[in-house]
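Heads up: the structure comes next, in C-alpha cells.
The values are calculated or read from the model by the stated rules, or taken from the named source; none is laboratory data. It should be emphasised that the depicted structure is a prediction, and the values quoted were computed from it without experimental measurement. With ideal geometry, Cβ positions are generated from the backbone for all residues, glycine too; neighbour counts draw on all protein chains shown. In case anyone asks, the SASA skips ligands and DNA or RNA and just uses the protein heavy atoms, side chains included. Shrake-Rupley method; radii C 1.70, N 1.55, O 1.52, S 1.80 Å.
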Amino acid sequence: MPIAVKTVPIEKLVEELRQLPESAFHEIETVRRLLEEMPVSPDSLAPYLTWDRQHYTRNLIDRRPLYELIAICWEVGQVSSVHNHRDQNCWMAAPIGRLRVENFHVVEQDLRAGRCQLEQLNTVEMNASNPCAVDPADPVHRVLNPREFNQRAVSLHVYSRPFDSCVVYSPEQGTCGEIRLHFNTEYGKAAVR
C-alpha cells in the first residue's frame, strides 16, 4: 500500500522561501531539503500551468531579489536544450509526473567562437519524492519528459537570484551560444513580450 504524502499549497512553499536567509541560496542543502519536506499539492498549481504542444512552458510564480520560482509544464516527449544557469544555484522538484535530468561536464568552452566540448556525467530521475539540486561544480544539464514516461509533467524550479539569459549547448555539434529567456505566464497571467 502506498504511503500517503502530505502536500502543501504552492503559497506555503512561497511563504517558506521568502523567509529563508540569503545564505540558504548560496549552498545547496537548505532549499533541496525544503522541497523534499514540503512537496507541493498539484491542485494548488492550477493557476500557474499552461501547456503548449510545441514547446515546454515557463511560468513565473514568485520573484524576489534572492530567488525566482517557476513552474515548467512538459508535454510527453518535450526536452530542454542543454543549458547552464548563469552561475546561479538551481533546485528542482516534480509535483506532477516524473522527469529525467541529464548532467554534463564542460570540458572546454569558447563562447565567443561558439564552440564547446561536453561529456555526459550522469542521469537522475526527478519525481514528487525526489527533488534535486544542480551541482554547482558541473551545472550544465537538460531536462526531459521521455515518451516512455507517457504522461505530462510539471517541474518547479527555484533559481538563486533571477536571471534572464543562459548559455545553451549542443553536445552533438560541439556548439554553444547565449539565449534570452522568457516566461509564458507571470503570476498566473499571460506574459507580455
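Per residue, the average separation of C-alpha pairs within less than 8 Å and at least 6 apart gives the chain a relative contact order of 27 percent.
When the chain is treated as a GNM with alpha-carbon contacts under 10 Å, the residue of Leu144, Leu156, Leu34 showing the greatest mean-square fluctuation is Leu34.
Gain in length, Ser23 to Asn130, computed as 0.36 nm per residue apart minus the alpha-carbon separation, to one decimal in nm?
Here the segment from Ser23 to Asn130 would lengthen by 36.2 nm.
Specify whether the C-alpha gyration tensor of segment 1-156 places it in the rounded, prolate or oblate class, a ≥ b ≥ c being the square roots of the eigenvalues: rounded for a/c under 1.5, otherwise prolate if a/b is larger than b/c and oblate if not.
Numbers: a/c = 1.68, a/b = 1.26, b/c = 1.34.
Verdict is oblate for segment 1-156.
Here Ser41 and Asp138 are evaluated by their C-beta separation; at R0 = 30 Å the FRET efficiency comes out at 0.40.
Phi angles across segment 166-172 convert, under the Karplus curve 6.51 cos²θ - 1.76 cosθ + 1.60 with θ = phi - 60°, into 3J(HN,Hα) values of 8, 9, 10, 10, 10, x, 5 Hz, Gly and Pro given as x. Summed over qualifying helices (DSSP H, 4 residues or more, each -39500 (n - 2.57)) and divided by its residue number, the chain shows a 222 nm mean residue ellipticity of -3000 deg cm²/dmol. Only protein heavy atoms count here; on that basis, with a 1.4 Å probe, His85 has an accessible area of about 10 Å². Using a cut-off of 9 Å between beta-carbons, work out the net charge of the residues near His141 (Lys and Arg +1, Asp and Glu -1, His141 not included). It works out to a net charge of -2.
Mind putting a number on the dipole of the chain about its Cα centre? Charges go on the C-beta only, +1 for Lys and Arg and -1 for Asp and Glu, and I need it in Debye to the nearest 20. Mind showing how you got there, number by number?
Working: 21 positive and 26 negative charges, 115 e Å.
Dipole size: approximately 560 debye.
First check a/c for segment 125-176, with a ≥ b ≥ c the square roots of the eigenvalues of its C-alpha gyration tensor; if it is under 1.5, answer rounded, and if not, answer prolate when a/b is larger than b/c or oblate otherwise.
Working: a/c = 1.95, a/b = 1.22, b/c = 1.59.
Judged from the Cα gyration tensor, segment 125-176 comes out oblate (a/c at least 1.5, b/c at or above a/b).
How much area per residue is accessible in the chain when the probe is 1.4 Å and only protein heavy atoms are counted (Å²)? Please report the intermediate quantities before stating the final value.
Numbers: 10140 Å² over 193 residues.
Accessible area per residue: 53 Å².
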